[in-house]
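Enquirer: Take a look at the following structure, please.
Derivation of every value follows stated rules applied to the coordinates shown; laboratory data play no part. On a predicted model such as this, the values are computed, not experimentally measured, just so you know. Here the Cβ is made from the backbone with ideal geometry for all residues, glycine too, and neighbour counts use every protein chain on show.
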Amino acid sequence: MRHTLPIAPQFYVTAPQACPYLDGRMERKLFTALQGEHAQKLNDALSKQGFRRSQNVLYRPSCAECSACLSARIRVADFQPNRTQRKVMKAASHLRRNATSPWATEDQFALFRRYLDARHADGGMADMDVFEFAAMVEETPIKSRVIEYTRPSRPGERGRPLAAVSLTDVFDDGLSMVYSFYDPDLADLSLGTFAILDHIEIAREAGLPFVYLGYWVPGSRKMGYKAKFSALEIYKGGQWSPIGDPETHRAELHPLSVEPIAEQVARIALPESRPDARPALPGDKS
């Protein structure tokens, strides 16, 4: 009789460093390598348990006294845009979507640098060069896409210039928006919101039930926009639940708010080493 064994990666913990979301706090991450023939299966399983991908690493926050960061996703079938979001879709209706393989281009990097300089000049990516940008986009062991949004050219321009870009992973149950950036001169179009709304439509077309948005952090203005989307779920207490009233969630410090690392790792559900099928995006030929 044949038996299937679970994929058993090694987990590690980063050294504490300044939290990018809440002032005066330190963050720590639990992480594992994402590589080999079972990378996609492992990514699918751990992403459903609050992990995120960064190149060939999967991680989730595991801070010593804080459990504020909550993985968030939108239930596609139940999502209904509000009045403001409908206006955003209408205002950006002139943009054209183009889904490509995860290859970095000079145009993408130029837009990325303009975005960082205007929006995150003092952030962790502020010093990223073209080679690091290429690694962020291209070093993916799973099924990923670069979703480009282009606008009509203006006098003196050639082709359709980039307006926004999203690096997007494809799970067995949804799309994960790994990182997005946009033209800061088009801030009035709310392109960050537009990209999420369009990914909801892409997921709906592909029959995928969720769009994963990364972490929502109560008390962080930087992450507050995610709570404005209907049908939002958060991963809390080991399960996905509707967010409810965002004001009921707290980002308080407490020495007993986080389980010991060994217990966290023991509770992670790992996939078995059996092949599975991958969902296809509209127009996907790979």
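Enquirer: Would you please classify the overall shape of the stretch 143-228 from the alpha carbon gyration tensor, given that a ≥ b ≥ c denote the square roots of the eigenvalues, rounded means a/c under 1.5, and beyond that prolate means a/b larger than b/c while oblate covers the rest?
Expert: Details: a/c = 2.44, a/b = 1.35, b/c = 1.81.
Verdict is oblate for the stretch 143-228.
Enquirer: Sorted from largest down, give the three principal axis spans of the alpha carbons of the stretch 1-92, whole angstrom values.
Expert: Taking the Cα atoms of the stretch 1-92, the three principal extents are 55, 46, 21 Å.
Enquirer: Something else: Can you pull the one-decimal nm distance between simple spin-label points at Arg119 and Ala262, each 7 Å off the Cα toward Cβ?
Expert: The two pseudo-label positions are separated by 4.3 nm.
Enquirer: Based only on other Cβ atoms within 10 Å, what is the fewest-to-most ordering of Asp172, Asp188, Asp44?
Expert: Numbers: Asp172 17, Asp188 7, Asp44 21.
Placing the least packed residue first, the sequence is Asp188, Asp172, Asp44.
Enquirer: For Gln17 and Asp245, calculate 0.36 nm times their separation in residues minus their Cα-Cα distance, and state this gained length in nm to one decimal. Can you show the working numbers first?
Expert: Working: separation 228, 0.36 × 228 = 82.08 nm, distance 3.02 nm.
Separation in residues times 0.36 nm, less the Cα-Cα distance, equals 79.1 nm.
Enquirer: If you build a Gaussian network model of the chain, linking Cα atoms that sit under 10 Å apart, which residue out of Ser220, Ser93, Ser71 swings the most?
Expert: Ser93
Enquirer: How big is the charge dipole of the stretch 131-286 about its Cα centre, in debye rounded to the nearest 20, if each Lys and Arg gets +1 on its Cβ and each Asp and Glu gets -1 on its Cβ? Kindly include the intermediate steps, with their values, before the conclusion.
Expert: Details: 17 positive and 23 negative charges, 53 e Å.
My answer is approximately 260 debye.
Enquirer: Can you sort Phe131, Phe181 by how many other beta carbons sit within 10 Å, fewest first?
Expert: Details: Phe131 10, Phe181 23.
Exposure proxy ranking, most exposed first: Phe131, Phe181.
Enquirer: Of the labelled options [x] 263; [y] 121; [z] 150, which one gives volume of the Cα convex hull per residue in Å³ as computed for this structure?
Expert: [z]
Enquirer: Determine the distance separating the Cα centre of the stretch 183-226 from the Cα centre of the stretch 22-97; give it in Å without decimals.
Expert: Distance between centres, Cα-based: 10 Å.
Enquirer: Here's a follow-up. Stick to the Cα atoms of the stretch 179-273, pair each with every other, and give me the Kirkwood hydrodynamic radius in Å at one decimal.
Expert: On the way: mean 1/r = 0.0614 Å⁻¹.
When all Cα pairs of the stretch 179-273 are included, the Kirkwood radius is 16.3 Å.
Enquirer: Which value results when the Cα radius of gyration for the stretch 33-72 is divided by 2.2 N^0.38 Å? Before the final figure, lay out the partial values.
Expert: Numbers: Rg = 11.2 Å, N = 40, 2.2 N^0.38 = 8.9 Å.
So the Cα radius of gyration is 1.25 times the expected 2.2 N^0.38 Å.
Enquirer: Tell me, what is the percent relative contact order of the stretch 11-266, built from C-alpha pairs under 8 Å that lie six or more residues apart?
Expert: Details: 447 pairs, mean separation 65.9, N = 256.
Relative contact order comes out at 26 percent.
Enquirer: Related question: Going by how many other Cβ atoms sit within 10 Å of their own, how do Lys48, Lys222 line up, fewest first? Please list the in-between numbers first.
Expert: On the way: Lys48 19, Lys222 12.
Going from sparsest to densest Cβ surroundings: Lys222, Lys48.
Enquirer: Kindly identify the stretch 86-235 as rounded, prolate or oblate by the Cα gyration tensor criterion: order the square roots of the eigenvalues as a ≥ b ≥ c, call it rounded if a/c is under 1.5, otherwise compare a/b with b/c, prolate if a/b is larger, else oblate. Write down the numbers at each step before the final one.
Expert: Working: a/c = 1.27, a/b = 1.20, b/c = 1.06.
The shape class here is rounded.
Enquirer: Still on this structure, please answer the following. Which Cα, out of Met125, Ser144, Ile74, lies furthest along the positive dipole direction of the stretch 1-146 (beta carbon charges, K/R +1, D/E -1)?
Expert: With unit charges placed on the Cβ atoms, the residue in question is Ile74.
Enquirer: Could you work out the per residue convex hull volume over the alpha carbons of the stretch 35-140, in cubic angstrom? All intermediate terms of the calculation are to be shown ahead of the outcome.
Expert: Details: hull volume 21.0 nm³, N = 106.
Value for the stretch 35-140: 198 Å³ per residue.
Enquirer: A follow-up question, please. Mean-square fluctuation check for the chain, GNM, Cα pairs under 10 Å: which of Ile234, Ile142, Ile268 is largest?
Expert: Its mean-square fluctuation being the largest, the pick is Ile268.
Enquirer: Next question. Given only helices, namely DSSP H runs of n ≥ 4 each adding -39500 (n - 2.57), what is the per-residue ellipticity at 222 nm of the chain, to the nearest 500 deg cm²/dmol? Let's see the in-between values first.
Expert: Numbers: 6 runs with 63 residues, N = 286.
Value at 222 nm, helices only, nearest 500: -6500 deg cm²/dmol.
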